[in-house]
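The structure under discussion appears below in the form of structure tokens.
The values are calculated or read from the model by the stated rules, or taken from the named source; none is laboratory data. What you see is a predicted model; the values in this text were computed from it and never measured. Because the Cβ atoms are built from the backbone with ideal geometry, glycine has one as well, and the counts that use them run over all protein chains shown.
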């Protein structure tokens, strides 16, 4: 879409459009992963599985400082524990295809033991294939890449890349240190590029001395959650562009999730502005940074809800409607119903791209034969 | 308008709620302190099933409370199970957006039967 938008479609129904959801979450409870975990860490998960779990917060598993009390009248946590349950829930949301991410392991980048973190990633990947991707063909998955062990993560990518329902590599982004642009992660990018699997960044709120850092200064979850995911994405995007990841791995597709999309034009314009003066620091870039950002992909959730929806469609126009992907984040508390994106004042062809066609192309997913029920 | 039987009086004590259907319309009926109220089972935000959410209270923080949190209106607030938007059951007003007020359906008691007009 360029220039003035074509006439907005208001007649097509959600159920008549293919919907690919690039971010749904499965309950990677330690007791569920334990049987899939190598020794000795299987013993650890068996014990961890007997402990009470809070929402995305388990000491030694999904570490959080856990600053907030259960808030009076506050959020309720939902979990999706089986492939059949997920299929049923996606049907209710009119979603045809889901791309699966973990719950707890979104926080695994903070775990200091590389051997433990790598064992968790291997256990998750085995469990993902056996209990989800081979059970429900409309679910596709992102392999977890442990940043603590890039060579091990590269081997995991090579091991599973040929499975038809493995379509991406998940880069745990919450509090990853160093940021994902560091050269130490090159083995992951080389393996993902060779396998033709996009890498996907996804963060979660956490208080930790790494991006998104210093969140403890805010005394509400509202304040922290406003910037946590987005700052994590911004920091990692800056890191990846300014260390030349898209230059070293030109065929690597990079996607950003759960930060909305309004930060992207800001990043494009800000990076370009700095590049004017400081290009000599990044001489490997062959063009302005926004040209590289323009090659990346962005998931909509939590999609912005401006009073005037044209402000959001203008944002999509800046990014390019061929690089925006619908995501719900089901079953998390801040999930978006597909209607929230589908009902934007956009022409039908743009809606079809964002709701599903872009994702089919990016993840090389065949057009699903299964009609949603 | 169609009359829909909701429950017997004893089946819907204060703090309780029940969702009933009339054709394609779903309505949540609530008992707040012995009075009955009914709201559409549709949140104004992303159309979540509002009336299936918990009935609870809410927090205020005003000059009257000396800018301290105070828990108020227990039993008169329904919270959408999707994104936690709160509504005052007795007025239909959304606490987050003063411009949003849901329609209210009349509820009456005939004998022992609670009836909502949808």
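The residues listed here are A:206, A:154; of these, the one that is closer than 19 Å to residue A:249 by Cα and in contact (Cβ under 8 Å) with a residue 12 or more places away in the chain is A:154. Within the range A:58-92, if we keep just the residues that are touching a helix residue (DSSP H, G or I) at 6+ places or on another chain (Cβ under 8 Å) and not in a loop (DSSP other than H, G, I, E, B), the residue that is nearest to the other protein chains (Cβ to nearest Cβ) turns out to be A:86. Assuming residue A:344 fulfils every condition listed in (1) more than 14 Å from chain B (Cβ to nearest Cβ); (2) closer than 19 Å to residue A:265 by Cα; (3) surrounded by fewer than 23 Cβ atoms within 10 Å (Cβ to Cβ) apart from one, which condition is it? Failed condition: (1).
Residues in the range A:193-246 that are assigned to a loop (DSSP other than H, G, I, E, B), in contact with a helix residue (DSSP H, G or I) (Cβ under 7 Å, 6 or more places away or on another chain) and under 18 Å from residue A:66 (Cβ atoms): A:203, A:204, A:205, A:206, A:207, A:208, A:212, A:218.
Here is the figure for the range A:163-194: residues that are more than 15 Å from the chain's Cα centre (by Cα), in contact (Cβ under 8 Å) with a residue 12 or more places away in the chain and within 26 Å of residue A:131 (Cα to Cα) total 5. Screening residue A:104 with (1) more than 23 Å from residue A:360 (Cβ to Cβ); (2) at pLDDT 95 or above; (3) in contact with a helix residue (DSSP H, G or I) (Cβ under 7 Å, 6 or more places away or on another chain); (4) surrounded by 15 or more Cβ atoms within 10 Å (Cβ to Cβ) gives one miss only, at (3). Before we move on, is residue A:52 free of Cβ contacts under 8 Å to residues at least 40 places away in the same chain, under 24 Å from residue B:69 (Cα atoms) and either over 21 Å from the mean Cα position of the chain (by Cα) or within 14 Å of another protein chain (Cβ to nearest Cβ) (or both)? No; evaluated as a whole, the condition is false for this residue. The set of residues in the range B:85-107 being free of Cβ contacts under 8 Å to residues at least 24 places away in the same chain and surrounded by fewer than 19 Cβ atoms within 10 Å (Cβ to Cβ) consists of B:91, B:93, B:96, B:98, B:99, B:101.
Cβ separations smaller than 6 Å between residues 6+ apart or across chains give the following pairs from the range A:317-339 residues that are more than 14 Å from every other protein chain (Cβ to nearest Cβ) to residues that are in a loop (DSSP other than H, G, I, E, B) and at pLDDT below 95: A:317/A:1; A:321/A:1.
Taking the range A:304-330 on its own, how many of its residues are within 20 Å of residue B:44 (Cα to Cα), surrounded by fewer than 19 Cβ atoms within 10 Å (Cβ to Cβ) and under 18 Å from the mean Cα position of the chain (by Cα)? Residues that pass the stated criteria total 1.
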